[in-house]
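Below is one structure; the comments refer to it alone.
Any read-out appearing in this document is the output of simple, stated calculations on the displayed coordinates, not a laboratory observation. These numbers come from a predicted model, not from an experiment. Note that each Cβ is placed from the backbone with ideal geometry, even for glycine, and that neighbours are counted across all protein chains shown.
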2 protein chains.
Amino acid sequence: MGSVTKLRAAPAARVKSAAVKVDKKDLPLGRILDGDCVEAMRSLPDNCIDLIFADPPYNLQLGGDLNRPDGSHVDAVTDHWDQFDSFGAYDRFTRAWLTEARRVLKPDGAIWVIGSYHNIFRVGALMQDLGFWILNDIVWRKTNPMPNFRGTRFTNAHETLIWASMGEKAKYHFNYRAMKTLNDELQMRSDWVLPICSGGERLKDDAGHKAHPTQKPEALLYRVLLATSEAGDVVLDPFFGTGTTGAVAKRLGREWIGCEREDAYRKVATARIAKELPLDESAITTMQSKRDAPRVAFGAVVEAGLLPPGTKLTDKQRRWIAEVRADGSIACGALTGSIHGVGKELQGAPSCNGWSFWHYEAADGLKPIDAARQTYLLAVED
Amino acid sequence: MGSVTKLRAAPAARVKSAAVKVDKKDLPLGRILDGDCVEAMRSLPDNCIDLIFADPPYNLQLGGDLNRPDGSHVDAVTDHWDQFDSFGAYDRFTRAWLTEARRVLKPDGAIWVIGSYHNIFRVGALMQDLGFWILNDIVWRKTNPMPNFRGTRFTNAHETLIWASMGEKAKYHFNYRAMKTLNDELQMRSDWVLPICSGGERLKDDAGHKAHPTQKPEALLYRVLLATSEAGDVVLDPFFGTGTTGAVAKRLGREWIGCEREDAYRKVATARIAKELPLDESAITTMQSKRDAPRVAFGAVVEAGLLPPGTKLTDKQRRWIAEVRADGSIACGALTGSIHGVGKELQGAPSCNGWSFWHYEAADGLKPIDAARQTYLLAVED
DNA sequence: GGATTTGGTGAATCAGCTG
DNA sequence: ACAGCTGATTCACCAAATC
């Protein structure tokens, strides 16, 4: 077999300085770190995490839930005549863990946070303040929400997730093709219809009570991880709970790290993830977008004899005819250049994908030259 | 993660003096106030408004031009009124208008704000900071959103509305029964599926271009006003635009006041509202008792404008005539209820399928209202 | 006249690599 | 930092034109 001609450059370095590149072996992969999530994250190096999924508490009132950035405990506010103390405490807590999350994330990492109207607006605003760049807000539309028993409001039938990159110009990962495939060949939308976690998936303690009050459905994590991480990526969940993130990460071939300070949850999560089996590698492999495929120069297709010099190309409506030249450029009258540039000029368009614009006469009719590229790719693939 | 408990909010800001009751006649009802909304609201007395609907600038931060895959150009929102220098500037703007909105609202008044992920988190957090008590966040799921042309993110297919009262202990108005009626006898949920504003509803200028870049669908305002205001209430819209709020308020028998600083928008809105006809009082009357409740999604067909309130229905033999009301119930003389229930009573039958029993006058003759339902289903199916 | 095709468009934070 | 080149990428609905 011939060697694969990959015109694509090496993938961009994921961290700015190779000197601070962290060896995955030095990370506590597949472990649940004990204790407060801010403290736990402090034990991790900078720029080592590919993706964070966070399901923080909504609660301002429960004693012991909140700690200040310095680790000291925030007293529960029982006299709530001053709202700013309550919201302020929640904001300090949120800012503390988001700051630490930002430190451990790689420059091309991303973060997901889920919440309800009680907390998500504060979380979202703080994320923006800290420099995170919101990519989408996602609505998890519950098929089976709890009704509003008193008939006083609309049924609260959804929760909101925020997906953000490290900054306005930061890179991030989005498996567009995998999401489109998952959604019956339509773009995946920002509203996801999924049932709440119940039935056999809902973990129970020895007494038969639910092990955790807010266990998230695995389908939700499945979609999050499939959409925005790659196999082998390191996924961190600072509020690990019963370990839904870890279980789905293991299944999908992602590495994971959790933070959880409740012994009971850690125990349940550990047992749960131990039972989880990783999927076969071929099952994890997702549809690639063309953007991720190796780039092929038109000249290579010409060189390989698939569209030899002198071949006549035309557009679908046969408005123009161009001729392939030996160097992989094409000529249409006096106009010469790349397949893209000539197509663009002829149409007066802002841009043009020459692979789909130009066609050639095949035995079974007019075909886009992209077909020749596909043939070429199959031929050179090992 | 702890158990889910509500965040605490500020005590409701109470009216300083109950003696200062405002006479509606002293308010600029049915008028669009010229100028900046903060200045305009300053001309209103304290505690005079029942409901505010606000569609503030979203502070979109767009990059360069965007083209569709077919090369056509996307007409983006680049208007000067949507430009802010920073999050800080946007926050100051938001705090200013929300503060004034809070002053003019009655103690049992409420506010709706619509936004996208660009601004809604900041708006929601500031609302909480100012003492507003969030009652629901509502997701407007668009049936026909603009796709993500570059395949870089999830299709941004929804916008978010926040509904809030004046404070944790404040009273507010919610027409639970009307919403349940509108939703086929199921509690109305926090996710609303509605198409974007297009077609004949979309206002155009003399040159045929859209009169406003972000005109909201009337069905959205219809649901907001029907759910959280009463006939005769005073509704204020600080960002009036082309006056969707005013048009629907007039139709539903609510008083309205707008603020708008752009001459062109004021002009379009004035002409639009002048053409709007108030519905008959009986059509506006909403169902308050379960006994009279229809059990159908007929309300959604009404809301969509396919069979607007006031429409006359008759049976095939034209023996009876009934009138459609705003919440999807119908009235035939003193008899009111669902399309099924009223039809059943009139015929003295054990049951009646209202969809086939009732007819409306279409351009091409008498048609069963099921035809309108089919049209509706085609429109909203996703 | 009805069915089909074609074209237009909507609140959008919409590319990545090389030189 | 910036310019230039390559080439990847769209869904639902409406309206007008065409068959």
> Relative to the longest principal Cα axis of chain B, at what angle does helix B:87-104 sit, 0 to 90 degrees, rounded to 10?
Replying inline: 60 degrees
>> Give the list, by residue number, of cysteines in the protein assembly as shown with no other Cys Cβ closer than 4.7 Å, or say none.
In response: A:CYS48, A:CYS197, A:CYS332, A:CYS352, B:CYS48, B:CYS197, B:CYS332, B:CYS352
> Which listed residue (B:LEU366, B:LEU226, B:ILE114) has the Cα farthest towards the positive end of the charge dipole for the protein assembly as shown, taking +1 on Lys and Arg C-beta and -1 on Asp and Glu C-beta about the Cα centre?
Replying inline: B:LEU366
> Cα to Cα, under 24 Å, and not fewer than 8 places away if on the same chain: which lysines meet these conditions relative to B:LYS275?
Replying inline: B:LYS24, B:LYS25, B:LYS204, B:LYS210, B:LYS216, B:LYS250, B:LYS267, B:LYS312
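How do B:ASP280, B:ASP129, A:ASP137, B:ASP85 line up, fewest other C-beta atoms within 10 Å first?
If I rank by nearby Cβ atoms, fewest first, I get B:ASP85, B:ASP280, B:ASP129, A:ASP137.
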> For a label point 7 angstrom out from the Cα of A:LYS316 toward its Cβ, which stretches of segment B:142-186 have the backbone nitrogen within less than 14 Å?
Replying inline: none
>> At R0 = 60 Å, how high is the FRET efficiency between A:ASP184 and B:ALA96 if r is their beta carbon distance? Nearest 0.05 is fine.
In response: 0.85
> Taking the label point as lying 7 angstrom from Cα along the Cα-to-Cβ axis, what are the distances from B:THR78 to the corresponding position in the remaining copies, in ascending order and in nanometres?
Replying inline: 6.0
> Based on the alpha-carbon gyration tensor of segment A:91-143 and its eigenvalue square roots a ≥ b ≥ c, which shape applies: rounded if a/c is under 1.5, prolate if not and a/b is larger than b/c, or oblate?
Replying inline: oblate
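D for chain B, whole µm²/s, Stokes-Einstein with Kirkwood Rh over alpha-carbon pairs at 20 °C and 1.002 mPa s: what number?
Translational D for this selection: 96 µm²/s.
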> Can you give the alpha-carbon Rg of the protein assembly as shown over 2.2 N^0.38 Å, where N counts its residues?
Replying inline: 1.07
>> Rounding to the nearest 10 and keeping the result within 0 to 90°, find how far the Cα-based axis of helix B:369-380 lies from the longest principal axis of chain B.
In response: 30 degrees
> Using the Karplus equation 6.51 cos²θ - 1.76 cosθ + 1.60 (θ = phi - 60°), what ³J(HN,Hα) coupling, rounded to whole Hz, does each residue of segment A:201-218 give in order, writing x for Gly and Pro?
Replying inline: 6, 6, 6, 10, 7, 4, 7, x, 7, 4, 5, 8, x, 10, 4, 8, x, 5
> Seen from all sides and averaged, what is the projected area of the convex hull of the Cα atoms in segment A:126-275, in nm²?
Replying inline: 11.4 nm²
> Among the DSSP beta bridges whose two residues both lie in chain A, what percent are antiparallel, rounded to the nearest 5?
Replying inline: 60 percent
> What does the charge count near B:CYS259 come to, summing +1 for each Lys or Arg and -1 for each Asp or Glu among other residues with Cβ under 12 Å from its Cβ?
Replying inline: -4
> Put +1 on the Cβ of each Lys and Arg and -1 on the Cβ of each Asp and Glu in chain A; which of A:LEU135, A:THR311, A:VAL22 then has its Cα farthest toward the positive end of the dipole?
Replying inline: A:THR311
>> What's the magnitude of the charge dipole for the protein assembly as shown around its Cα centre, counting Lys and Arg as +1 and Asp and Glu as -1 at the beta-carbon? Answer in Debye, nearest 20.
In response: 680 debye
> Between A:ILE257, A:GLY299, A:GLN215, whose Cα lies farthest towards the positive end of the dipole of segment A:195-320 when Lys and Arg beta carbons carry +1 and Asp and Glu beta carbons carry -1, centred on the Cα centre?
Replying inline: A:GLY299
> Counting Lys and Arg as +1 and Asp and Glu as -1, each charge on the Cβ, what is the dipole of chain B about the Cα centre in debye, to the nearest 20?
Replying inline: 980 debye
> Once amide H atoms are built 1.01 Å from N in the peptide plane, which residues 5 or more positions from B:LEU135, or in another chain, come under 5 Å H to H?
Replying inline: B:TRP163, B:ALA164, B:SER165
>> With 10 angstrom as the radius, rank B:ASP327, A:ASP50, B:ASP370, A:ASP26 by how many other C-beta atoms surround their C-beta, starting from the fewest.
In response: A:ASP26, B:ASP370, A:ASP50, B:ASP327
>> Between helix B:263-275 and chain B, what is the angle of the helix's C-alpha long axis to the longest principal axis, kept within 0 to 90° and rounded to the nearest 10?
In response: 20 degrees
> With Cβ to Cβ distances under 11 Å as the rule, what net charge do the other residues near B:PHE154 carry (K, R +1; D, E -1)?
Replying inline: +2
>> If I model a spin label as a point 7 Å beyond the Cα along the Cα-Cβ vector, how far apart are those points for B:ALA76 and A:ALA349 in nm?
In response: 2.0 nm
>> Please arrange A:LYS250, A:LYS316 by how many other C-beta atoms lie within 10 Å of their C-beta, fewest to most.
In response: A:LYS316, A:LYS250
> Residues of B:155-162, mean number of Cβ from any other protein chain within 10 Å of their own Cβ, rounded to a whole number?
Replying inline: 5
> When the helices in chain B are scored as -39500 (n - 2.57) per DSSP H run of 4 or longer and the sum is shared across all residues, what 222 nm value do you end up with, to the nearest 500 deg cm²/dmol?
Replying inline: -8000 deg cm²/dmol
>> Can you return the aspartates and glutamates within cross-link range of A:LYS171? Criterion is Cα-Cα under 13 Å, with same-chain partners fewer than 8 residues away left out.
In response: A:ASP50, A:ASP108
